[in-house]
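> Got a structure for you, written out below as structure tokens; questions coming shortly.
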Amino acid sequence: KFSITPTLQFQGGGRYGSPESNFGIDPTSGCQALAGSNSATDPRYIYGGQAGAAGYDATTCPGVLPVPDTFSKQFDAPGAFVQPSQLVGNVQLSYEVSPKITLIGTFANVVNSCFGGSKAAWTSNNKNVCSYNIVGSGAIPPVGNVYNPGSTIQPFVKYPYEATLGGVNVDGNSLKSPFNFFLEARIKI
């Protein structure tokens, strides 16, 4: 008359990363010098600039092209980073009220946690984030080296990757699904 069906689902973290995830400028492409700057101490030169030489003025540079990831300081290999893993637990209760009526209660996402994955500047310990992707997926590119020293960089464009916070299950693994309860009555006629 009464049954309990627990389920447990584990999804190992997939991979993400792209060699052309970050765009920037080539300082030798015709950029003008930025007055009062020193390329040796300029954070935009990830491998260091020339001592005594002025840095470039990002507002005068023509066009953009792929540049190394400002975090890893290289062109990331495809799948260079690991997504968090996810563990989901559900419980279904069933009770046969009579030979013709059965009640079923489903408790979905009783346990739902994301954990592990690569540790990077854009990742967090927030167990609600289960996926990371390229910033804006092309809509709003990361800042790369297209800024002048002293500029305020908004956190969501500082690195080439960000937490995927789209609709639940739109991409199969973004935000974790919330707790749900479903009640069903099966009636035989």
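The values are calculated or read from the model by the stated rules, or taken from the named source; none is laboratory data. The shown structure was predicted, so the numbers you read here are calculated from the model rather than taken from an experiment. For neighbour counting, all protein chains shown are included, and Cβ atoms are generated from backbone atoms with ideal geometry for every residue, glycine included. Each accessible area value is taken on the protein alone, full model and side chains, heavy atoms only, with ligands, DNA and RNA left out. Shrake-Rupley method; radii C 1.70, N 1.55, O 1.52, S 1.80 Å.
> So which residue, out of Ser21, Ser151, Ser85, gets the largest mean-square fluctuation from a GNM of the chain using Cα contacts under 10 Å as springs?
Ser151
> So, in Å, what gap is there between the alpha-carbon centers of the stretch 120-163 and the stretch 66-93?
Going from one Cα centre to the other spans 13 Å.
> Can you work out the FRET efficiency for the pair Lys119 and Val91, with r the C-beta to C-beta distance and R0 = 30 Å, to the nearest 0.05?
For Lys119 and Val91, the calculated efficiency is 0.40.
> Would you pull out the residues with amide H under 5 Å of Ala53's amide H, same chain only if 5 or more places away, H placed 1.01 Å from N?
Ser39, Ala40
> Consider the candidate values [x] 14.0; [y] 15.3; [z] 17.3; state which one is mean projected area of the Cα convex hull in nm² computed from the structure displayed.
Among [x] 14.0; [y] 15.3; [z] 17.3, the one derived from this structure is [x].
> Okay, moving on. In terms of modelled amide H atoms, which long-range or inter-chain residues lie less than 5 Å from the amide H of Tyr132?
Hits under the 5 Å cutoff: Thr164.
> If each residue of separation counts as 0.36 nm, what is the full-extension length gain between Thr60 and Asn109 once their alpha-carbon separation is subtracted?
Fully extending the segment from Thr60 to Asn109 adds 12.4 nm.
> Using the Karplus curve 6.51 cos²θ - 1.76 cosθ + 1.60 with θ = phi - 60°, work out ³J(HN,Hα) for each residue of the stretch 119-129 in order, rounded to whole Hz, and write x for Gly and Pro.
These are the phi-based 3J(HN,Hα) values: 9, 8, 4, 8, 8, 9, 8, 5, 6, 8, 9 Hz.
> Here's something else I'd like to know. Given a 1.4 angstrom probe, I'd like the percentage of the accessible area of the chain that is carbon and sulfur, rounded to a whole number.
Answer for the chain: carbon and sulfur cover 59 percent of the accessible area.
> Still on this structure, I have one more. May I ask you to rank Thr152, Thr164 by accessible area, largest first, using a 1.4 Å probe over the protein chains only?
Thr152, Thr164
> Another one. Under a Cβ-Cβ cut-off of 12 Å, what is the net charge of the residues other than Gly117 that fall near it, where Lys and Arg count +1 and Asp and Glu count -1?
+3
> Lysine pairs in the chain with Cα distance under 30 Å, only those 8 or more apart or on different chains: how many are there?
12
> Counting only residues 5 or more places away or on other chains, whose amide H sits under 5 Å from the amide H of Asn112 once H atoms are built in the peptide plane?
Gly89
> Now for a separate question. Using a Förster distance of 25 Å, how high is the FRET efficiency between Phe156 and Asn128, based on the Cβ-Cβ distance and rounded to 0.05?
Plugging the Cβ-Cβ distance into 1/(1 + (r/R0)^6) gives 0.90.
> Ok, one more. For the chain, report the accessible area per residue in Å² (1.4 Å probe, heavy atoms, rounded to an integer).
58 Å²
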